[in-house]
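Have a look at the structure below before the remarks.
Values quoted throughout were computed directly from the atomic coordinates according to the rules given, and no laboratory measurement underlies them. On a predicted model such as this, the values are computed, not experimentally measured, just so you know. Cβ atoms come from the backbone with ideal geometry, glycine included; neighbour counts cover every protein chain shown.
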Number of protein chains: 2
Amino acid sequence: MSQSIGPQDSSAPGFSLAIDAMGGDNAPDIVLDGLELAAERHPQARFLLVGDEARIGGMLARRPRAAKACMLRHAATVISAEMKPTAALRQGRQSSMRIAIDAVAGGEASGVVSAGNTGALMALAKIVVKTLPEIDRPALAAIAPSARGDVVLLDLGANVQCDARNLVEFAVMGDSFARAVLGLTTPSFGLLNVGSEELKGDDRVRAAAETLRESHIGANFHGFIEGHDIAAGTVDVVVTDGFTGNVALKTAEGTLKLMRDLLRQVFTSSIPARAGYLLARPALDRLREWMDPRRYNGAILLGLNGVVVKSHGGTDALGFAHAVDVAMDMVTHRFNDRIREGLAQIGKPVAAPASP
Amino acid sequence: MSQSIGPQDSSAPGFSLAIDAMGGDNAPDIVLDGLELAAERHPQARFLLVGDEARIGGMLARRPRAAKACMLRHAATVISAEMKPTAALRQGRQSSMRIAIDAVAGGEASGVVSAGNTGALMALAKIVVKTLPEIDRPALAAIAPSARGDVVLLDLGANVQCDARNLVEFAVMGDSFARAVLGLTTPSFGLLNVGSEELKGDDRVRAAAETLRESHIGANFHGFIEGHDIAAGTVDVVVTDGFTGNVALKTAEGTLKLMRDLLRQVFTSSIPARAGYLLARPALDRLREWMDPRRYNGAILLGLNGVVVKSHGGTDALGFAHAVDVAMDMVTHRFNDRIREGLAQIGKPVAAPASP
């Protein structure tokens, strides 16, 4: 999926992505190393790299592919991990994150990737890049592994309180996202609930289900799903409110961490167990690789006038490059146009099938 | 924890527990086998066994400990797994589940254990046994393993919509439950939220947190916790609404199942991996035993005028015996008296510490 917006498209911004060079625990090093990897994967991409010019100029020169793909723009300050979103808004105008976001709002870049302060990125993006006119509220999405392939989850915390209309919008955005980034032609989706029967849950999920069943993507709607369906991969897109989605994702991450820790204890508990680990190691390594959190790095703020991807702050170059991949897929596949098309369909009656 | 309510206590019901002999996938066999185990663990317990007399009379005679501990009461019908709660209410008056519940409502037994239809048990128990006058809504609780010992979770789906007062009541019930069943003297507890900072979440969790901080158990209140804190064992009691709790528990279960399936694939993927499994097997078996779902069998409906425990429908005798253990712990430790004492404290000012 490395085709780029070519010069033949005169309406496309000059830069594929603006990159916050200074955000994250190990910035700017891992950002530049990540861009070196990303530039190889997306040879036609052009990046606007925003950060401390004196500090990153020389570093960039030592990464030839990134140097070729990037234009450098100076930013005098950095939004720290601890800064509150309100402070970031008031005091962060000269920060690398803000200048990168400004480039999206000003039409210079199609999207932005930052490993910096999540709350600040979400607040600045919402206020500066602005929400699509068709959308009531943006949602935070991520991709996770399941027994049956990658799964999109949203909302993961952008909205702690949601109504039925929000859930419907999340479903449309999740559908477009799965098409653009997972490359699926008809992604299935489900609404997270406390049971799979139609009468389960509260008015909100039941009303959203009714609207979705009658929508243009109704044929792909699996109906209500339960917590265990996430890891089972019952659907490609899991739709829920930001409170439940945030808790579910972190619960799954915590459970995986507990299992990893316990397995480490198992395999160091005795000499035979250590030997057993060595024998099973190639297969265990494949499992570890499959679940590698770096492969799933990148939380995506959907529903804005531009692509906004948050990389995990503690990731490495490979993880950062994956976050850039996700953003590039969204830019290349004109993700926002798809959302707008999808939302225009919601509420319209489904076309009757042609008579035989 | 096998001390029983002795005959010296004239106000105690004659039976420790009423047991639904006919509920569950493998009833009545596993129920009777489970009671044979439970009767050994709780030698002073007396059970009212409710079911088809002709069918279970002979089976009981072949289980000497259970036969000694049980009195048999006939029930002509069974509430099936598919029956809707409303139908169970109307048509189930002669069922084993209903007659067992009636024994609690009538003061003959302190509690009831059933492996039958969950929705029917919850509805019948709420309507027949009735909610404690101090409680607005009962909650469903369970015990789960974590990195730092067993953790109590509630609500798991009895209430899909909760207000701040409900969350406070759940915290008090969870505290009493952890004291009675986990044997903790000062269990810590936390409110599940999308972040740990005080300003996170919605009005509901913030208002509940404020009340809890100022309550008689405020010193044990850890504040807000996140999804990953469940498996980490950050607190002994995880308090949340029924929608979030249901999704979180099932998400964790689904994640564990995925890991188990993947590990099975790993250890059968090659001859060296099989050999590795055999070498590490004693340690892997200890891990499996530690996480054995039978050890965590039993969902408990808290806040009623009696102890109500739902065993998993597909469990075996060991699992059913564990559900009886939980119910016995609650009966023995006068769980409901503790809840009432706790709720009477909520809203009262905390006693000032004695001056030095």
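Annotations
- Here is the list for the range A:22-92: GluC sites (Glu not before Pro) lying in DSSP coil, each with at most 11 other C-beta atoms within 10 angstrom of its C-beta, are A:E82.
- Estimated 222 nm signal from helices in chain B, with DSSP H stretches of n ≥ 4 weighted -39500 (n - 2.57), rounded to 500: -14000 deg cm²/dmol
- Each label was represented as a point 7 Å from its Cα along the Cα-to-Cβ direction; for A:L182 and B:A54 these points are 5.4 nm apart.
- Cα-Cα separations in the range B:307-349 greater than 12 Å, expressed as whole percent: 65
- Spin-label pair B:D261/A:D29, simplified geometry with 7 Å Cα→Cβ offset, distance in nm: 4.0
- Label-to-label distance, A:K68 versus B:Q44, with points set 7 angstrom from Cα along the beta-carbon direction: 8.3 nm.
- Of all aspartates and glutamates in the structure, those lying under 12 Å Cα to Cα from A:K200, and not within fewer than 8 positions of it along the same chain, are A:E226.
- Evaluated at q = 0.11, 0.13, 0.14 Å⁻¹, the base-10 log of the normalised Debye intensity for the range B:63-207, with identical point scatterers placed on the Cα atoms, takes the values -0.56, -0.76, -0.85.
- Sorted by Cβ neighbour density within 10 Å, fewest at the top, the residues B:L278, A:L89: B:L278, A:L89
- Per-selection Kirkwood Rh - the range A:61-133 (Cα, Å, 1 d.p.): 13.0
- This model, with +1 at the C-beta of Lys and Arg and -1 at the C-beta of Asp and Glu, gives the range B:136-296 a dipole about its Cα centre of some 960 debye.
- Förster-model FRET efficiency, 56 Å R0, A:L199 and B:A61, C-beta, rounded to 0.05: 0.80
- Proxy reagent accessibility, fewest Cβ within 10 Å first, across A:V31, A:V205, B:V266, A:V128: A:V128, B:V266, A:V205, A:V31
- Extension gain (nm, one decimal) between A:S269 and A:E82, 0.36 nm per residue minus Cα-Cα: 63.4 nm
- Cα gyration tensor shape for the range A:136-298, rounded if a/c is under 1.5, else prolate or oblate: prolate
- Shape of chain B, Cα gyration tensor, a/c cut at 1.5: oblate
- Partner chain coverage, peptide B:184-195 - average Cβ within 10 angstrom: 2
- Using C-alpha pairs below 8 Å separated by at least 6 residues, the relative contact order for the range B:136-296 is 29 percent.
- Whole-Å semi-axes of the protein assembly as shown's equivalent ellipsoid (Cα gyration tensor): 51, 27, 26
- Backbone phi angles across the range B:258-275, fed through the Karplus curve with coefficients 6.51, -1.76 and 1.60 (θ = phi - 60°), yield HN-Hα couplings of 4, 4, 4, 4, 5, 5, 4, 4, 4, 7, 10, 7, 7, 5, x, 5, 4, 5 Hz in residue order; Gly and Pro are listed as x.
- Look at A:H42, A:H312 and count the other Cβ atoms within 10 Å of each Cβ; fewest to most, that gives A:H312, A:H42.
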